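J.: First the structure, then my questions, so here it is.
A short reminder: the numbers here are calculations on the coordinates, not readings from a lab. As the structure is a prediction and not an experimental result, all values here were calculated from the model. Quick reminder, even Gly has a Cβ in these numbers, built from the backbone with ideal geometry, and neighbours come from all protein chains shown.
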Amino acid sequence: MLRLEKLTKTYKTGDQALKGIDLEVPKGQVLALIGPSGAGKSTMIRCINRLVEPTSGAVWLDDADLTGLGAGALRRARRQMGMIFQEYALVERLTVMENVLSGRLGYVGFWRSFLRRYPQSDVDEAFRLLDRVGLLHMADKRADELSGGQRQRVGICRALIQNPKLLLVDEPTASLDPKTSRQIMRLITELCRERGLAAIINIHDVALAQMFVPRIVGLRFGEIVFDGPPNRLTPEKLTEIYGEEDWEATIETVDEDDDEAAA
Amino acid sequence: MSHRELDDMLGRGWRKPHFVRNPVLRWSLGAGFLAYLVAAYLTIEVDWGRVYEGLDRGWQFILAFASPDFVSRASDIWEGLLESIVMTVAASVVGILISIPIGLGAARNIAPLPVYVICRGIVAISRALQEIIVAILLVAIFGFGPLAGFLTLSFATIGFLSKLLAEDIEAMDKSQAEAIRASGAGWMQWINYGVQPQVMPRLVGLSMYRVDINFRESAILGLVGAGGIGATLNTAFDRYEYDTAAAILILIIGIVMALEYLSGIVRARFQ
């Protein structure tokens, strides 16, 4: 469904963030992208929806190459890709409901969105999603009144209301405590299963990735150095991705259960 | 770091490094500034005899505040005040409405380079020309009266508000705006959802402040014939009617204070 072909990004400074990435994500597959800071994880998912312009290569979403699209077509393509951000990136001075409905901006016209007169079906869907993540009672609160975990749930609703085929998730748990991190990861993977969504999840926490995600891709210096199921991620592989370190503890935490990490 | 290095450091005391590292340069900069200051004060000529005479006149003026005369020129004052208020409100509304698109264009993080250069150019011109100079020019073109004042204040508002709005936009949180763009929003929607909520409190605060400035300026612009309460004030001074002048000044102070209070309430609502 999503296919990256020789995707390359060279920044103006000359830094090569991505060196010809080839990757295929079938429909409904959730994939974790791991790698050290600066490996190009964030650049890669931003090249997919062109928040960052790739230098060369192609991004195929179904039958369309996104790299060649004009402004209008890009806008329509972005509707099919929901994005969830590090630090939530909610618009803090808007209400929870406005934040969720902002996921429909690609579908409604300017005046409708300006006057906040969304179609009833959108409003109903927003209520349904907020109920699903347990925040229905918060609909009219301002986003900056929420806790970190709650904000990320709103971020998830905002991505899902786009009715996307694909979720791009950038460090969803980076600023959350261990327990909330697990809850958020569980929620994201559950929702993907319910809706048959594919997802690419950038994540620092290797143990968390192994716990929830069936396929892991390791990125180092802009190149894919690992692609496989979590149980093939050995200390040797981790050393290849991140560099020398004692990995036993990281891998062991995988089969422990939730509350211990939260404690 | 080796331990020998640490041993050398221990017990040595620590001072914040000087802003100018070179001690010779540092002291000569200080001495030079002091010398300039002394020389500058020595050039100010004061005629103490004249000051002594003037004290009396000043005292008269201050005494007038004890007995301000609102009555004998009441209709002139009322007319001037009304003209000033109309000028202020009209110029603020027009100025703010024009400032918003120019402010958007003058923010480097959202405007393409050509638009940015043009908008920054407009801001620079507006800020370079002082209100009084613009007013003199516009009075020459449109004749005496509040029209010239209104245009002057609108023009000045654009320079002030666009610049500060643009700077606030440049300092906004990128990720919030990015999230809106990722949803497939169009440009106008992006501004409305991603940018506007972030800069709204500052825009409201600055606009209220500008209304305040415009009212005070309207009292000055009268001195060069651009209408408003300033014209009335000028006439009062010309006729040595200090009590009427005092009444006008008290009214201006009162209105400015009321605006300040109002702006506090409005800004609190828009946090």
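J.: Enumerate the lysines that A:LYS27 could reach by cross-link, defined here as Cα to Cα under 20 Å, with residues fewer than 8 away along the same chain left out.
T.: A:LYS165
J.: Please arrange A:ASP131, B:ASP243, A:ASP170 by how many other C-beta atoms lie within 10 Å of their C-beta, fewest to most.
T.: Ordered from fewest to most neighbouring Cβ atoms within 10 Å, A:ASP131, B:ASP243, A:ASP170 come out as A:ASP131, B:ASP243, A:ASP170.
J.: At 7 Å along the Cα-to-beta-carbon direction for both B:GLU170 and A:LYS12, put a label point, then send me their distance in nm to one decimal.
T.: In this crude label model, B:GLU170 to A:LYS12 measures out at 1.4 nm.
J.: Between the stretch A:172-248 and the stretch B:175-241, what is the C-alpha centre distance in whole Å?
T.: Using only Cα atoms to place each centre, the spacing works out to 50 Å.
J.: Specify, per residue and in Å³, the volume enclosed by the convex hull of the alpha carbon atoms belonging to the stretch B:151-209.
T.: So the per-residue hull volume is 78 Å³.
J.: Assuming 0.36 nm per residue, please report the length gained on full extension of the stretch B:ARG108 to B:ALA268 beyond their Cα-Cα distance.
T.: 54.7 nm
J.: Then there is this: Using only Cα atoms, what is the ratio of the radius of gyration of the protein assembly as shown to 2.2 N^0.38 Å?
T.: Working it through for the protein assembly as shown, the quotient is 1.34.
J.: Another question, if that's okay. Fewest first, what order do A:THR8, B:THR152 take by the number of other Cβ atoms within 10 Å?
T.: The fewest-first ordering by Cβ neighbours comes to A:THR8, B:THR152.
J.: When DSSP beta bridges are limited to those with both residues in the protein assembly as shown, what percentage is antiparallel, rounded to the nearest 5?
T.: 55 percent
J.: Starting from the Cα gyration tensor of the stretch B:22-178, take the square roots of the eigenvalues, sort them a ≥ b ≥ c, and report rounded, prolate or oblate (rounded when a/c is under 1.5, otherwise prolate if a/b is larger than b/c, else oblate).
T.: Because a/c hits 1.5 or more and a/b fails to exceed b/c, the stretch B:22-178 counts as oblate.
J.: To continue, here is another question. Between Rg and the Kirkwood Rh of the stretch B:71-269, both from Cα atoms, what is the Rg to Rh ratio?
T.: 1.08
J.: Related question: Give A:LYS41/A:LYS237; A:LYS237/B:LYS174; A:LYS19/B:LYS174 a once-over and call out the pairs whose C-alpha atoms are over 24 Å from each other.
T.: Those over the limit are A:LYS237/B:LYS174; A:LYS19/B:LYS174.
J.: Residue by residue through the stretch A:203-216, which ³J(HN,Hα) values in whole Hz follow from phi under the Karplus form 6.51 cos²θ - 1.76 cosθ + 1.60 (θ = phi - 60°), with glycine and proline marked x?
T.: Ordered by residue, 3J(HN,Hα) equals 8, 7, 7, 4, 4, 5, 4, 4, 5, 10, 10, x, 9, 10 Hz.
J.: Turning to a different aspect of this structure: When only alpha-carbon atoms are used, what values of Rg and Dmax, in angstrom, describe chain A?
T.: 18.6, 57
J.: Using only the Cα atoms of the stretch A:86-139, build the gyration tensor, take square roots of its eigenvalues as a ≥ b ≥ c, and label the shape rounded, prolate or oblate: rounded if a/c is under 1.5, else prolate if a/b is larger than b/c, else oblate.
T.: oblate
J.: In terms of modelled amide H atoms, which long-range or inter-chain residues lie less than 5 Å from the amide H of A:VAL30?
T.: Answer set, sorted by chain and number: A:ALA199.
J.: So, R0 is 22 Å and r is the distance between the beta-carbons of B:THR43 and B:ALA128; what FRET efficiency does that work out to, to 0.05?
T.: The computed FRET efficiency comes out at 0.20.
J.: Rounded to the nearest 0.05, what FRET efficiency is calculated for A:LEU136 and A:GLU194 with R0 set to 25 Å and r the Cβ-Cβ distance?
T.: Approximately 0.90, to the nearest 0.05.
J.: Further question on the same structure: Which value in deg cm²/dmol, rounded to the nearest 500, describes the helix-derived mean residue ellipticity at 222 nm for the protein assembly as shown, given -39,500 (n - 2.57) per DSSP H run of n ≥ 4 and division by the residue count?
T.: Rounded to the nearest 500, the figure is -18000 deg cm²/dmol.
J.: Shielding by partners for B:228-236, please: the mean number of other protein chain Cβ atoms within 10 Å of each residue's Cβ.
T.: 0
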